[in-house]
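First up is the structure itself, then whatever we jot down about it.
Each reported figure results from applying straightforward, stated rules to the coordinates on display, with no laboratory input. This is a predicted model, so every value here is computed, not measured. Cβ: placed from backbone, ideal geometry, glycine included. Neighbour counts: every protein chain shown.
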Amino acid sequence: QQQVKQSPQSLIVQKGGISIINCAYENTAFDYFPWYQQFPGKGPALLIAIRPDVSEKKEGRFTISFNKSAKQFSLHIMDSQPGDSATYFCAASKMSNQFYFGTGTSLTVIP
Amino acid sequence: SQTIHQWPATLVQPVGSPLSLECTVEGTSNPNLYWYRQAAGRGLQLLFYSVGIGQISSEVPQNLSASRPQDRQFILSSKKLLLSDSGFYLCAWSASPGAGPFFGPGTRLTVL
């Protein structure tokens, strides 16, 4: 059973546009929700993370929106750039011992 | 600052040969350690995780095994590789509570 469901599988955005990736979870015990960015041939890099006591967290052009009642969280990339083209993974964790990852979103930002 | 190392970076092995991938973490004590596998264009599959020396939890039954002989060392092994073992192997660590996991650079394994 997929603990974290991620959509869309792929996304194409124009340069300067907003990229939005969504994730949903079932386990209300999850208490930590990180997002990762992965370039081809590299390990995933932690991008930004949020805890359920906060509804939004912003770091530069990257924002996580968190809806606890709907059990959903999303990554927004503002002013998307070609350099943002990568695969993005959401994840969820309970007590930070086990992490459950989404299936990934391949983002392409076209100039 | 913390650093995670994996080696080798790439590996080509024949079917039936043994495997040993090593991961070490610097700059932290008693981390949780993880081995993930990523097939081409796919998501992250958790293989093993460890909360301490000699404590290994397996998530997926297979011909792979893991060991943690030291606090910051995690080893992935196989006695006989299968074609299906090809993939991108990622080691990761996390602190308890709440940050990470932080991934290493990965090992690209091709089994021929």
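The table below gives the values:
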{"item": "Calculated log₁₀ intensity ratio I(q)/I(0) where the Debye formula runs over C-alpha points of the protein assembly as shown, q = 0.10, 0.14, 0.15 Å⁻¹", "result": "-0.45, -0.87, -0.99"}
{"item": "Lys/Arg +1, Asp/Glu -1 at C-beta; the range A:19-111 dipole; positive extreme among A:Ala91, A:Ser55, A:Gly41", "result": "A:Ala91"}
{"item": "A:Leu46, B:Leu44 arranged by Cβ crowding within 10 Å, fewest neighbours leading", "result": "A:Leu46, B:Leu44"}
{"item": "Charge dipole magnitude, Cβ of K and R +1, D and E -1 - the range A:4-110, Cα centre, debye nearest 20", "result": "60"}
{"item": "Stokes-Einstein diffusion coefficient of chain A, Kirkwood radius over Cα pairs, 10 °C, 1.306 mPa s, in µm²/s", "result": "114"}
{"item": "Which of B:Ser67, B:Leu83, B:Gly43, positive extreme of dipole for the range B:15-99 (C-beta unit charges)", "result": "B:Leu83"}
{"item": "Check: chain B dipole with +1 on Lys, Arg Cβ and -1 on Asp, Glu Cβ, in debye", "result": "220"}
{"item": "Cα-projected label distance for B:Gln45 with B:Thr110, points at 7 Å along beta-carbon direction, nm", "result": "2.0"}
{"item": "The protein assembly as shown, dipole about Cα centre (Lys/Arg Cβ +1, Asp/Glu Cβ -1), debye to the nearest 20", "result": "240"}
{"item": "Projected-area mean, the range B:3-111, by convex hull of Cα positions, square nanometres", "result": "6.3"}
{"item": "Cβ-based net charge around B:Cys23, under 14 Å, with every Lys or Arg adding one and every Asp or Glu removing one", "result": "0"}
{"item": "Fewest-first sequence of B:Val15, B:Val25 by Cβ atoms within 10 Å of each Cβ", "result": "B:Val15, B:Val25"}
{"item": "Around B:Arg72: net Lys/Arg minus Asp/Glu count, Cβ-Cβ under 12 Å", "result": "-2"}
{"item": "Candidates A:Asp84, A:Asp53, A:Asp31: whichever shows maximal mean-square fluctuation once chain A is modelled as a Gaussian network with Cα springs under 10 Å", "result": "A:Asp53"}
